[in-house]
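Novice: The structure's right below; bear with me while I get my questions together.
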Amino acid sequence: MSGTFVGMPVFPPPTHPAFPVAAHEAVRNETLRGNLRHATHTIRAKRAKAVAEVSDWAALREAGKRIKDHTLRHLDRYLVQLEEAVTAAGGTVHWAADADEANRIVTELVRQTGESEVVKVKSMATQEIGLNEALEAAGIRAYETDLAELIVQLGKDRPSHILVPAIHRNRGEIRDIFRREMGEWGRPAPEGLTDTPAELAEAARLHLREKFLRAKVGISGANFMVAETGTLVVVESEGNGRMCLTLPETLISVVGIEKTVPAWRDLEVFLQTLPRSSTAERMNPYTSTWTGTTDGDGPQTFHLVLLDNGRTDTLADEVGRQALRCIRCSACLNVCPVYERAGGHAYGSVYPGPIGAILSPQLRGTQSEIDASLPYASSLCGACYEVCPVAIDIPEVLVHLRERVVEGGEATRNGNKVLLKPAKGHAAERAAMRAARWAFSHPAALRTGQRLASRSRRLHPRTLPGPGKAWTGTRDLPAVPAEPFRDWWQRTGGGKDGAK
């Protein structure tokens, strides 16, 4: 895989081929497909079992949806409340409109400490803005401490899954990466390292321990922010997050504004649904919460960077805003037939899979080739909606975004209403839809067309020419019946004579 990281600043758009091009290359990689098939099938089977244990799962799902929708409707009020609570607890709040501003803020905060190294908790928000690359450009090295993120970083790779960023790697590949790269980043891999999970985990533990004990600055995201108390919450399975959140003298958290929940009691819902939907656990092994600073306990300096980066633009879309409910569980990736075959890198975003197909084009816009193609990276089977713990209707948003790509229209970018032009390459689709609209609004023309199609069906090709060639490249055209339905209905009196 390419070592070139694709960050998510709104501008400039990512330099990545359209999804069909990237996916076509990915599906030819048999090792990748094998790794993905094994991992996704295993995770989703465990998740189904864990969810089945909860008798009120549907009620929890609805409660999570309502809490998120309520918060998004009143986000302005809850963000101000959050800022006041964090400040009262001894923290400092910074507001970042986009990726560049967030990176500048974090870089300057690290520089103020005089340190040139930081340890990081797994964070989608910092990947979204390309923080590691921004820190490196400023002479600051960031060490990922999540096992999967460590594998990705050492392998000069890119994340391909929300929960398991190195899901595309097997144990043999991970062993080779550790043997080859660990020495360049710190403590080298043990001699004779094998690919057994216990040995790989021990090698990572020994490698990271010295960084935890030395680091003076930690950087994190957060799964939730409680507006009522100013509390941040990180859930994880390895304990690395706990080390990063408690040992450094300075803690900087970069969090998307949509991670806010109104009250502490709201965590009751999400701390049940998130672990079951993500790791298929009844509860997370490590749930860390912190509120500002406390003398003599934990980091003595705390900064919270509230990240927008396209979120308020997404909030302005009445259909698309439901994507902001996402709690990053990755359940939709594990059931998606498209993701299972194409893998995460084909999406050109740190948010792959079904949720990425609706979130990335809204955060970044649909102007680039990759973002215009993402709403089509789905079969619309609906499996993603069925497993979503906050009931995001991903197929609905996909269709909504497809309309935006093909037709253009009004959207919000950088807080301003703009008129989007239709994306290139969809002229034939627009013409076909307009022709269909005209035909369906003129019954006589539709009836004539149906009869003509039936009478000439022996002459019909099995594949389409021109723009339709790609659609029929893997499927035959459906056969036209010998008689239109309308004619059959009239001839049989609506089937009353028993004709079939």
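The values are calculated or read from the model by the stated rules, or taken from the named source; none is laboratory data. Predicted model, so just to flag it, every value in this text is computed and none were measured. With ideal geometry, Cβ positions are generated from the backbone for all residues, glycine too; neighbour counts draw on all protein chains shown. Accessible surface is based on the protein model in full, side chains and every heavy atom, while ligands, DNA and RNA are left aside. Shrake-Rupley method; radii C 1.70, N 1.55, O 1.52, S 1.80 Å.
Novice: With r defined as the distance between the Cβ atoms of Arg475 and Glu403 and R0 fixed at 35 Å, what FRET efficiency is calculated, to the nearest 0.05?
Specialist: Details: r = 23 Å, r/R0 = 0.67.
After rounding to 0.05, the efficiency reads 0.90.
Novice: For the pairs Lys65/Lys120; Lys68/Lys259; Lys120/Lys211; Lys49/Lys259; Lys156/Lys216; Lys46/Lys120, flag any whose C-alpha to C-alpha distance is greater than 18 Å. Spell out each step's value before the answer.
Specialist: Numbers: Lys65/Lys120 30 Å; Lys68/Lys259 9 Å; Lys120/Lys211 10 Å; Lys49/Lys259 27 Å; Lys156/Lys216 25 Å; Lys46/Lys120 28 Å.
Exceeds cut-off: Lys65/Lys120; Lys49/Lys259; Lys156/Lys216; Lys46/Lys120.
Novice: Another question, if that's okay. So for the stretch 193-304, what are the equivalent ellipsoid semi-axes in whole Å, largest first, each being the square root of 5 times an eigenvalue of the Cα gyration tensor? Before the final figure, lay out the partial values.
Specialist: Values: eigenvalues 133, 88, 20 Å².
Gyration-tensor ellipsoid for the stretch 193-304: 26, 21, 10 Å.
Novice: Another one. Which value, in Å², gives the accessible area per residue of the chain when a 1.4 Å probe is used on the protein heavy atoms?
Specialist: Values: 23500 Å² over 500 residues.
Each residue of the chain exposes 47 Å² on average to a 1.4 Å probe.
Novice: Also: Less than 13 Å Cβ to Cβ from Ala342, Lys/Arg counted +1 and Asp/Glu -1: what total charge do the surrounding residues give?
Specialist: +2
Novice: Still on this model: Where nothing but the Cβ of Lys and Arg (+1) and of Asp and Glu (-1) is charged, how large is the charge dipole of the stretch 219-318 around its Cα centre, in debye to the nearest 20?
Specialist: Details: 6 positive and 14 negative charges, 56 e Å.
Dipole magnitude for the stretch 219-318 comes out near 260 debye.
Novice: Which value, in debye to the nearest 20, describes the size of the charge dipole of the stretch 147-205 about its Cα centre when Lys and Arg Cβ atoms bear +1, Asp and Glu Cβ atoms bear -1, and nothing else is charged? Mind showing how you got there, number by number?
Specialist: On the way: 9 positive and 10 negative charges, 22 e Å.
Using only the charged Cβ atoms, the result is roughly 100 debye.
Novice: I would also like to ask the following. Amide H to amide H under 5 Å from Lys122: which residues, 5+ apart in sequence or cross-chain, H placed 1.01 Å off N in plane?
Specialist: Thr145, Asp146
Novice: Quick one: if the Förster radius is 35 Å, what FRET efficiency do Ser456 and Ala427 give, using the C-beta to C-beta distance and rounding to 0.05?
Specialist: On the way: r = 26 Å, r/R0 = 0.76.
The formula returns an efficiency of 0.85 here.
Novice: Now, a different point. Simple spin-label model, 7 Å along Cα-to-Cβ: Cys381 to Thr463 in nm?
Specialist: It works out to 2.5 nm between the two label points.
Novice: Go through Val235, Leu363, Val397 and say which Cα lies farthest out towards the positive end of the charge dipole of the chain; charges sit on Cβ, +1 for Lys and Arg, -1 for Asp and Glu.
Specialist: Val397
Novice: Report the extension gain between Asp176 and Glu228 in nm, rounded to one decimal, defined as 0.36 nm multiplied by the number of residues separating them, less their alpha carbon distance.
Specialist: 14.0 nm
Novice: Going by amide H atoms built from the backbone, whose H comes under 5 Å of the H on Trp290, apart from near neighbours?
Specialist: Leu232
Novice: A further question on this structure: Could you list which residues have their amide H under 5 Å from that of Val93, counting only those 5 or more apart in sequence or on another chain, with H placed in the peptide plane?
Specialist: Residues meeting the criterion, in which the H sits 1.01 Å from N, are Leu304.
Novice: Taking 0.36 nm per residue of sequence separation and subtracting the Cα-Cα distance, how much length would be gained by fully extending the chain between Thr289 and Asp195, in nm to one decimal?
Specialist: Details: separation 94, 0.36 × 94 = 33.84 nm, distance 3.44 nm.
Additional length available on full extension: 30.4 nm.
Novice: Ok, one more. Using the Cα centre as the reference, give the magnitude of the dipole from point charges on the C-beta atoms of the stretch 28-106 (Lys, Arg: +1; Asp, Glu: -1; all else neutral), rounded to the nearest 20 debye. The partial results should precede the final answer.
Specialist: Numbers: 14 positive and 11 negative charges, 154 e Å.
Roughly 740 debye for the stretch 28-106.
Novice: Quick check: residue separation of Glu210 and Lys496 times 0.36 nm, minus the Cα distance between them. What number comes out in nm?
Specialist: Working: separation 286, 0.36 × 286 = 102.96 nm, distance 8.22 nm.
Computed gain between Glu210 and Lys496 is 94.7 nm.
Novice: Could you work out the relative contact order of the chain? I mean the mean sequence separation of Cα pairs under 8 Å and 6+ apart, divided by the number of residues, in percent. All intermediate terms of the calculation are to be shown ahead of the outcome.
Specialist: On the way: 864 pairs, mean separation 98.7, N = 500.
Relative contact order here is 20 percent.
Novice: At what distance in angstrom do the alpha carbon centres of the stretch 397-455 and the stretch 290-326 lie from each other?
Specialist: 37
Novice: So if I take the centroid of the Cα atoms in the stretch 264-289 and the same for the stretch 10-89, what is the distance between those two points in Å?
Specialist: Going from one Cα centre to the other spans 14 Å.
Novice: Express the relative contact order of the stretch 344-383 as a whole percentage, based on alpha carbon pairs under 8 Å and six or more residues apart in sequence.
Specialist: Numbers: 33 pairs, mean separation 12.8, N = 40.
For the stretch 344-383, the relative contact order is 32 percent.
Novice: Under the rule that a partner needs its Cβ under 4.7 Å from the first Cβ, which Cys of the chain have none?
Specialist: Cys244, Cys326, Cys329, Cys336, Cys381, Cys388
Novice: Okay, next question. If each of Arg73 and Gln112 carries a label point 7 Å out from its Cα toward its Cβ, how far apart are those two points in nm?
Specialist: Simple spin-label model gives 3.8 nm for this pair.
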